[in-house]
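Notes follow the structure.
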Amino acid sequence: MPKLLRSLLKLVGVLAIVAWSLVPIGLIALSSFKADRDIFSTSSTFSFMPTLANYEALWSRWGDFFFGLWNSFLVTVGATVLAVAVSLLAGFAYSRFASKGLQASAFFLIFIRLVPPIVITLPLFPVVNWLGLNDTHFVLIVLYATFFVSLGTVVMRTFIDQIPRELDEAAMMDGASQFQIIMRVILPMAAQGMLAVSVFVIVYAWNEFLFAFIFTTTKAKTAPLVISEMIGAVEGVEWGVLFAASTVQLVPVLAFVILMQKHLVAGLTAGAVKG
Amino acid sequence: MSARTPLSAIALVSPVQLMIGGIIFLPAIYVFWLSLNQSSFGQAASFVGFANYAKVLGDAYFWKALLNTVIVVAVVVHVELLLGLGMALFFASGVPFRPLLLAIVLAPYAVSEVSAVVMWRFLFEPDVGMMSRLLMSLGLPPIEWAVNPSHGLAMVSLLSIWLHLPFSFIILYAARLSIPGDLYEAAAIDGASPWTSFRRITLPLLMPALLIAALFRYIFAFRLFSEVWLMTGGGPARSTEVMAVYLYLEAFRYNAFGPAAATGWLLVLASLLLALFYLRGLYREMFGKHA
């Protein structure tokens, strides 16, 4: 009997976890296919006539949203490439060389993560304006990458530490330059770490709100910003269209996280626990 | 080894150091300078000493924002750690379809703050939202997050816990998995109850991971902005503002860069204070052998 009770409790636990994580997500995805009258109706939670009307409305009336998605995509790719590239180089240096100066700079790297992002918007805002970089992809790419290079470097260092030094020493004997060693020896073997760093940057850059809110207005505004404008229409929120937009914004990154969960976990444990 | 350390290593770390130096460190220092001056857009700064700090510290809205921040951080971090710990132990005790369940638990990590606000507003929409109706059918009062400040903050906390639980869970779960199983076997042979082995084995060995997770979450929850901004906008009547929202409004709505900068530095100092313990340990670990 206790055994039965235990499996019953376990089942309840599993159901609670699934409900907690998936109900909010599932509900908006499901509701995005509902007609307005079905969205808040109790009788049609699961039984309703699916319709694409919300997606059509999103397409015809919120063209801005798809433009925002494209901006999000460009910014995410840019920030990821930049963050992974510089983290790889620094991670290699921290893994292979040791000196007091380097240690101090590693400490600085971790220390700097404490500065809240909103604090630096104050001095950056006038500078970005003055440089004419306001509302450009460039600003967001650099900001997003910068806020992840600390973690990126720590994660890369952890992964590169596991690559035997004999490999790069052998390559050096063969006359390879430092850069060639990184590109030919380290890069292929550190792919796992690079993937782990990419997962963090991609999820962050795709979803980020604060910097996009402050530094972009029209040309470079990202998808989360457009969705926030849709919520902002306080009187009479068009829930259906909002659900369609949220679903479109969410699905690619959700699929990505599920696909990459192994790397996400590896990166989190390498970055947070060891760094 | 050290003979070839300098130049190439410096070249390799310089992009990272330049980025964080130029985009985080120097601006943060400049914010301190700003906080000692009176300035606004297109207006030359004039030195005012600590007047901005005095002004901020004399502002009732600042204290309200600080109090709200402290409450939300305390609730969010502790509830999140408890839930994360419970889930980690639950997973470690063996669950069916573990890889699938793990993916499900991680799902909120992929959700943007904006979409999360959409989801939770929908669930708690007054009168018609699914959760609102559930509360009503249980005879409980509805959550009036748009009108009642404490309800607004409760919604923000719920939202924040939901978004960040995957992080706390993963850290604790990884730490729990690294505890050797023989410890539990030995304890079982000695006749220890599950509660005893939790208290004597699991909890002490999980402590470092718990502290790390708590620290990261304290620091990150302290800078909370988007959830509050998107959920309540700081309203009604500025009653649900948190520190970052206060800073944003001062700087970008009231054009008061000085007080905003002072708030910013108070935020930085608070983060430093929270992290002091961790940084000291890290510093010792990195420099202890040399010093």
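The values are calculated or read from the model by the stated rules, or taken from the named source; none is laboratory data. Bear in mind that the values here come from a model prediction, so they are computed numbers and not experimental data. Backbone-built Cβ (ideal geometry, glycine too); neighbour counts: all protein chains shown.
Just give me the residues in segment A:161-182 being under 22 Å from residue B:18 (Cα atoms) and modelled with pLDDT of 90 or more, in sequence order.
A:182
Please enumerate the residues belonging to segment B:30-67 that are at pLDDT 95 or above and within 13 Å of another protein chain (Cβ to nearest Cβ).
Within segment B:30-67, just B:65 meets the criteria.
Since residue A:97 meets every condition but one in (1) under 30 Å from residue B:252 (Cα atoms); (2) aromatic (Phe, Trp, Tyr); (3) facing chain B (nearest Cβ under 7 Å), which condition does it not meet?
Failed condition: (1).
Report the residue count in segment B:57-108 for those that are surrounded by 14 or more Cβ atoms within 10 Å (Cβ to Cβ), assigned to a helix (DSSP H, G or I) and among the charged types (D, E, K, R).
Qualifying residue count for the region: 2.
Could you please tell me which pairs satisfy a Cβ distance under 6 Å, a separation of 6+ or placement on different chains, a first residue in segment A:134-145 that is surrounded by fewer than 24 Cβ atoms within 10 Å (Cβ to Cβ), and a second residue that is outside any loop (DSSP other than H, G, I, E, B)?
A:134/A:128; A:137/A:74; A:137/A:75; A:139/A:128; A:139/A:215; A:141/A:75; A:141/A:78; A:141/A:79
Got a sec? Which of A:173, A:183 is closer than 27 Å to residue A:205 by Cβ, of a type outside the set (Asp, Glu) and either surrounded by fewer than 23 Cβ atoms within 10 Å (Cβ to Cβ) or in contact (Cβ under 8 Å) with a residue 12 or more places away in the chain (or both)?
On the way: A:173 fails: closer than 27 Å to residue A:205 by Cβ.
After ruling out the rest, the residue left standing is A:183.
Is it the case that segment A:255-264 has a residue that's at the interface with chain B (Cβ under 9 Å from one of its Cβ atoms) and over 30 Å from residue B:178 (Cβ atoms)?
no
So that you can scan it fast, the table gives a plain yes or no per residue for (1) surrounded by 15 or more Cβ atoms within 10 Å (Cβ to Cβ); (2) under 25 Å from the mean Cα position of the chain (by Cα); (3) more than 12 Å from every other protein chain (Cβ to nearest Cβ):
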site: A:11; (1), (2), (3): no, no, no
site: A:19; (1), (2), (3): no, yes, no
site: A:27; (1), (2), (3): yes, yes, no
site: A:61; (1), (2), (3): no, no, yes
site: A:92; (1), (2), (3): yes, yes, no
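Kindly establish whether residue B:205 is within 28 Å of residue B:279 (Cα to Cα) and more than 11 Å from chain A (Cβ to nearest Cβ).
The answer is yes for residue B:205.
Suppose we keep only residues that are among the hydroxyl-bearing types (Ser, Thr, Tyr) and in a helix (DSSP H, G or I) within segment B:140-198. Which one would you say is surrounded by the fewest Cβ atoms within 10 Å (Cβ to Cβ)?
B:196
Residues A:128, A:119, A:84, A:115: which one is surrounded by 16 or more Cβ atoms within 10 Å (Cβ to Cβ), under 27 Å from residue B:38 (Cβ atoms), out of contact with any Cys (no Cβ under 8 Å at 6 or more places or on another chain) and more than 7 Å from every other protein chain (Cβ to nearest Cβ)?
Details: A:119 fails: more than 7 Å from every other protein chain (Cβ to nearest Cβ); A:84 fails: under 27 Å from residue B:38 (Cβ atoms); A:115 fails: more than 7 Å from every other protein chain (Cβ to nearest Cβ).
Just one listed residue meets the conditions, A:128.
Would you check which residues across segment A:125-149 are polar (S, T, N, Q) and farther than 23 Å from residue B:261 by Cβ and list them?
A:136
When you go through (1) free of Cβ contacts under 8 Å to residues at least 24 places away in the same chain; (2) closer than 23 Å to residue B:271 by Cα one by one for residue A:121, which number turns out not to apply?
Exception for residue A:121: condition (1).
Across segment B:213-246, which residue is farthest from the other protein chains (Cβ to nearest Cβ) among those that are within 26 Å of residue B:83 (Cα to Cα) and of a type in the set (Lys, Arg)?
B:217
I'm trying to understand the selection: among the residues of segment A:39-59, which are at pLDDT 90 or above and either in a helix (DSSP H, G or I) or crowded, with 18+ Cβ neighbours inside 10 Å (or both)?
Of everything in segment A:39-59, those that are at pLDDT 90 or above and either in a helix (DSSP H, G or I) or crowded, with 18+ Cβ neighbours inside 10 Å (or both) turn out to be A:53, A:54, A:55, A:56, A:57, A:58, A:59.
Quick one: which of A:30, A:69 is without any contact (Cβ under 8 Å) to a residue 40 or more places away in the chain and either among the hydrophobic types (A, V, I, L, M, F, W, C) or in a helix (DSSP H, G or I) (or both)?
On inspection, the qualifying residue turns out to be A:30.
Specify the residue that is farthest from residue B:258 (Cα to Cα); the eligible residues are those in segment B:9-29 that are more than 7 Å from chain A (Cβ to nearest Cβ) and of a type outside the set (Gly, Ala, Ser). Working first, answer last.
Within segment B:9-29, the first condition is being more than 7 Å from chain A (Cβ to nearest Cβ), and the residues that meet it are B:10-11, B:14, B:18, B:21-22, B:26, B:29.
Applying the additional criterion that residues be of a type outside the set (Gly, Ala, Ser) yields B:10, B:18, B:26, B:29.
Values: B:10: 37, B:18: 27, B:26: 17, B:29: 14 Å.
It comes out as B:10.
Give A:220, A:212, A:245 a once-over and let me know the one that is within 9 Å of chain B (Cβ to nearest Cβ) and either at pLDDT 85 or above or over 16 Å from residue A:76 (Cα atoms) (or both).
Step by step, each of A:220, A:212, A:245 is checked, and only A:245 is within 9 Å of chain B (Cβ to nearest Cβ) and either at pLDDT 85 or above or over 16 Å from residue A:76 (Cα atoms) (or both).
Quick test of your reading of the structure: residue B:157 fulfils all but one of (1) more than 26 Å from residue B:272 (Cα to Cα); (2) more than 14 Å from chain A (Cβ to nearest Cβ); (3) among the small types (Gly, Ala, Ser); (4) in contact (Cβ under 8 Å) with a residue 60 or more places away in the chain. Name the failing condition by number.
(1)
Among the residues of segment A:202-223, write down those that are within 19 Å of residue B:223 (Cα to Cα) and part of a helix (DSSP H, G or I).
Hits for segment A:202-223 are A:203, A:204, A:205, A:207, A:210, A:211, A:212, A:213, A:214, A:215.
Any residue at all in segment B:39-62 that is charged (D, E, K, R) and closer than 30 Å to residue A:15 by Cα?
Checked segment B:39-62: no residue is charged (D, E, K, R) and closer than 30 Å to residue A:15 by Cα.
So which of B:210, B:249, B:266 is surrounded by 17 or more Cβ atoms within 10 Å (Cβ to Cβ), within 12 Å of chain A (Cβ to nearest Cβ), closer than 20 Å to residue B:79 by Cβ and modelled with pLDDT of 90 or more?
Only one candidate qualifies: B:210.
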